[in-house]
Amino acid sequence: MTLASAPPETPRPPETPGPKRRIGDRVFAGSATGAGVLILLVLAGVAIFLISEAWPAVTAPSGDIPGGEGLSGYIAPLIFGTLLAAIIALVIATPLAVAIALYITYYAPRRLATVMGYVIDLLAAIPSVVYGFWGIAALAPALVPFYAWAEEHLGFIPLFAGPASPTGRTMFTAGVMLAVMILPIISAISREVFSQVPALHREAALALGATRWEMIRMAVLPYGKSGVIGGAMLGLGRALGETLAIAIVLSASGGITFNLISSSNPSTIAANIALQFPESTGLDVNTLIASGLALFVITLAVNMLARWIVNRRADFSGAN
């Protein structure tokens, strides 16, 4: 019995070298990588600076900290005021920004939508000091009658317990002003996301007999939810770090209170640093830097939460 001879091996074609990367591609890739690494180094440098400068305040006796209640007692009302003002702004601005984005994208005529988009985007270019002057000169006096009405008719709610501020320089005024400041950020991102909804999804909903609002509710809003959340978190980050406008408008007296219409208001971290830093020396400076470290951690946590929420829905197509 003879074994069959193995078939002859076919010669392999010569391997062709892959395409060479151009010099421009290599330079761009290196520049992009360097920029990313630089951002991380800057972030780490800021964190190291804040921790090193805040450490004397962390280890100092409670009696040496301004207020005499220790570092936590000094920072806690500031964190509360910062979060309260930012949450008020977010609650007011997000629904309004989404409604504006939907109107510009799906309801307004093309020319009107273009003009409205430009005007809304220009709100983001107004300096903070201008918003502060507008808030103290126009917005605060305009809200004084509302505060008197709220104290009389809604005083049973802790948010409107009063006594109403006669000047209007309250936490609610600061929140409304912040809402106007972050509105263009949320609106611009929402408008961009809503305009990218696949046409097949919108046309399918309309073909099934849905009205325009039903099409928006079933196809547009589910698709753009992650973008709206991302825009809201970016706006929240802007509201958390706002300094000059809050320092001009808010009449801060310290403490923790949910009363939004009285003259007794907690300050925010950024505004307190701006007002107290020029006259501070020694341990007082370290205490202010420690409060800045708290704001740094809060802002970083908000941005990480926003990135996690957006990444969870990154593969969402609107059809699932």
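The values are calculated or read from the model by the stated rules, or taken from the named source; none is laboratory data. Note that the structure is a prediction, hence the values are computed from the model and not measured. A quick note on method: Cβ atoms are made from the backbone with ideal geometry, for glycine too, and the neighbour counts reach across all protein chains shown.
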Any hit, segment 164-185, residues being closer than 17 Å to S251 by Cα, under 20 Å from the mean Cα position of the chain (by Cα) and of a type in the set (S, T, Y): yes
Matching entry among A245, A219, A290, A294 (being in contact with a His (Cβ under 8 Å, 6 or more places away or on another chain) and of a type in the set (G, A, S)): A219
Helices (runs of 4 or more DSSP H) fully within segment 113-217 counting 1 or more residues that are closer than 19 Å to E242 by Cα: 128-134, 140-153, 171-195
Among (1) under 21 Å from V98 (Cα atoms); (2) in contact (Cβ under 8 Å) with a residue 60 or more places away in the chain; (3) of a type in the set (S, T, N, Q), the one test that Q196 misses: (2)
Of residues in segment 81-125 being closer than 24 Å to R212 by Cα and of a type in the set (F, W, Y), the one farthest from the chain's Cα centre (by Cα): Y107
Complete set of residues in segment 127-145 that are free of Cβ contacts under 8 Å to residues at least 40 places away in the same chain and over 17 Å from S251 (Cβ atoms): P127, V130, P145
Scan of segment 240-265 for residues that are in a loop (DSSP other than H, G, I, E, B), under 12 Å from G175 (Cβ atoms) and over 22 Å from the mean Cα position of the chain (by Cα), ordered by number: I261
Given (1) without any contact (Cβ under 8 Å) to a residue 12 or more places away in the chain; (2) surrounded by 20 or more Cβ atoms within 10 Å (Cβ to Cβ); (3) of a type in the set (A, V, I, L, M, F, W, C), number of the condition W149 does not satisfy: (2)
Where R217 falls short, out of the listed (1) within 20 Å of A97 (Cα to Cα); (2) buried (at least 16 other Cβ atoms within 10 Å of the Cβ); (3) at pLDDT 80 or above: (2)
Yes/no for R212 being out of contact with any Pro (no Cβ under 8 Å at 6 or more places or on another chain), in contact (Cβ under 8 Å) with a residue 40 or more places away in the chain and either more than 30 Å from T114 (Cβ to Cβ) or buried (at least 19 other Cβ atoms within 10 Å of the Cβ) (or both): no
Residue within segment 65-83 that is farther than 23 Å from L244 by Cβ, of a type outside the set (S, T, N, Q) and touching a Phe, Trp or Tyr at 6+ places or on another chain (Cβ under 7 Å) present: yes
Which listed residue, of R191, R212, is charged (D, E, K, R) and within 19 Å of the chain's Cα centre (by Cα): R191
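If you check L236 against the conditions, is it touching a Leu at 6+ places or on another chain (Cβ under 6 Å), in a helix (DSSP H, G or I) and crowded, with 18+ Cβ neighbours inside 10 Å?
Against the criterion (touching a Leu at 6+ places or on another chain (Cβ under 6 Å), in a helix (DSSP H, G or I) and crowded, with 18+ Cβ neighbours inside 10 Å), L236 qualifies.
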Residue list for segment 282-306, filter: loosely packed, with under 14 Cβ neighbours inside 10 Å and either free of Cβ contacts under 8 Å to residues at least 60 places away in the same chain or touching a strand residue (DSSP E or B) at 6+ places or on another chain (Cβ under 8 Å) (or both): G282, V297, L300, A301, M304
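Conditions tested, residue by residue: (1) touching a residue at least 12 places away in the same chain (Cβ under 8 Å); (2) surrounded by fewer than 22 Cβ atoms within 10 Å (Cβ to Cβ); (3) among the basic types (K, R).
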residue: G63; (1), (2), (3): no, yes, no
residue: L84; (1), (2), (3): yes, yes, no
residue: A97; (1), (2), (3): yes, no, no
residue: L102; (1), (2), (3): yes, yes, no
Residues located in segment 182-200, provided they are surrounded by fewer than 23 Cβ atoms within 10 Å (Cβ to Cβ) and charged (D, E, K, R): E192
Any hit, segment 47-55, residues being among the small types (G, A, S), surrounded by 12 or more Cβ atoms within 10 Å (Cβ to Cβ), in contact (Cβ under 8 Å) with a residue 60 or more places away in the chain and out of contact with any Phe, Trp or Tyr (no Cβ under 6 Å at 6 or more places or on another chain): yes
